[in-house]
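**Student:** Here it is, the structure, as structure tokens.
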Amino acid sequence: QVQLVDSGGELVQAGDLLRLSCIAPGRTASAYAMAWFRQTPGKKREFVVSIGGSGGSVDYSEAVKGRFTAYRDADKNTAYLRMSGLKPEDTAVYYCAARRYVTTSRSVAEYDYWGQGTQVTVSS
């Protein structure tokens, strides 16, 4: 069982920068692809970005491409999501996830482990 701990969400203003973290303690990070999804009340969980096991392959949704940067630190078993140019429509609970394969995926169903979520609120 992999326990993910995501953190870093807070209330910020439009245009601000924020970095989320996702720690998978006690696990070899390179064995898992990791991802970030987000969800607002009443809506399905939305794909944001997926990072391959090596960290070399990164797939961004069109909504965040060019503004968000995902990367991972294998030594710390941690994945990061650096968010710049934040917009009010980025407001959501952000979840990190991991799957037992090294390849990226955009599908919620293909992820085996989830963090508890961290709230990001962007005011206009």
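**Student:** Every residue in the stretch 11-58 that is part of a strand (DSSP E or B), of a type outside the set (A, V, I, L, M, F, W, C) and open to solvent by less than 70 Å² (accessible area, probe 1.4 Å), please.
**Tutor:** Result: Ser21, Arg38, Gln39, Ser50.
**Student:** Which count do you get for residues in the stretch 38-80 that are among the aliphatic types (A, V, I, L, M), over 18 Å from Thr121 (Cα atoms) and under 14 Å from the mean Cα position of the chain (by Cα)? Before the answer, list the steps.
**Tutor:** Taking the stretch 38-80 and keeping what is among the aliphatic types (A, V, I, L, M), we get 48-49, 51, 58, 63-64, 70, 74, 79.
This time we only want the ones that are over 18 Å from Thr121 (Cα atoms), so: 49, 51, 58, 70, 74, 79.
Those left that are additionally under 14 Å from the mean Cα position of the chain (by Cα): 49, 51, 58, 70, 79.
Summing the residues that are among the aliphatic types (A, V, I, L, M), over 18 Å from Thr121 (Cα atoms) and under 14 Å from the mean Cα position of the chain (by Cα) in the stretch 38-80 gives 5.
**Student:** Out of all the residues in the stretch 93-114, which are within 14 Å of the chain's Cα centre (by Cα) and either on the phi > 0 side of the Ramachandran plot or in a loop (DSSP other than H, G, I, E, B) (or both)?
**Tutor:** Thr104, Ser105, Arg106, Ser107, Tyr111
**Student:** Shifting gears a bit: For the stretch 109-119, check the following and say yes or no: at least one residue is in contact with a Gly (Cβ under 6 Å, 6 or more places away or on another chain) and more than 12 Å from Trp36 (Cβ to Cβ).
**Tutor:** For the stretch 109-119, residues in contact with a Gly (Cβ under 6 Å, 6 or more places away or on another chain) and more than 12 Å from Trp36 (Cβ to Cβ): present.
**Student:** Of the numbered conditions (1) open to solvent by 50 Å² or more (accessible area, probe 1.4 Å); (2) assigned to a loop (DSSP other than H, G, I, E, B), Gly85 satisfies every one except a single condition; which is it?
**Tutor:** Evaluating Gly85 over (1) open to solvent by 50 Å² or more (accessible area, probe 1.4 Å); (2) assigned to a loop (DSSP other than H, G, I, E, B) leaves (1) as the failure.
**Student:** Then there's this: Exactly one condition in (1) open to solvent by 30 Å² or more (accessible area, probe 1.4 Å); (2) under 14 Å from Met34 (Cβ atoms); (3) in contact with a strand residue (DSSP E or B) (Cβ under 9 Å, 6 or more places away or on another chain) is false for Ser123; which is it?
**Tutor:** (2)
**Student:** Can you name the residue in the stretch 65-82 that is in a loop (DSSP other than H, G, I, E, B) and modelled with pLDDT of 90 or more and, of all such residues, is most open to solvent (accessible area, probe 1.4 Å)?
**Tutor:** Per the criteria, the residue is Lys65.
**Student:** Say we look at the stretch 92-120 and pick out the residues that are of a type in the set (Val, Ile, Thr) and surrounded by fewer than 17 Cβ atoms within 10 Å (Cβ to Cβ); which of these is nearest to Phe47 (Cα to Cα)?
**Tutor:** Across the stretch 92-120, the extreme among qualifying residues is Val108.
**Student:** For the stretch 78-105, enumerate the residues that are closer than 14 Å to Leu18 by Cβ and of a type in the set (S, T, N, Q).
**Tutor:** Ser84, Thr91
The values are calculated or read from the model by the stated rules, or taken from the named source; none is laboratory data. None of these values were measured; they are calculated from a predicted model. All Cβ positions, glycine included, derive from the backbone under ideal geometry; neighbour counts span all protein chains shown. Only protein heavy atoms, including side chains, enter the accessible area calculation; ligands, DNA and RNA are left aside. Shrake-Rupley method; radii C 1.70, N 1.55, O 1.52, S 1.80 Å.
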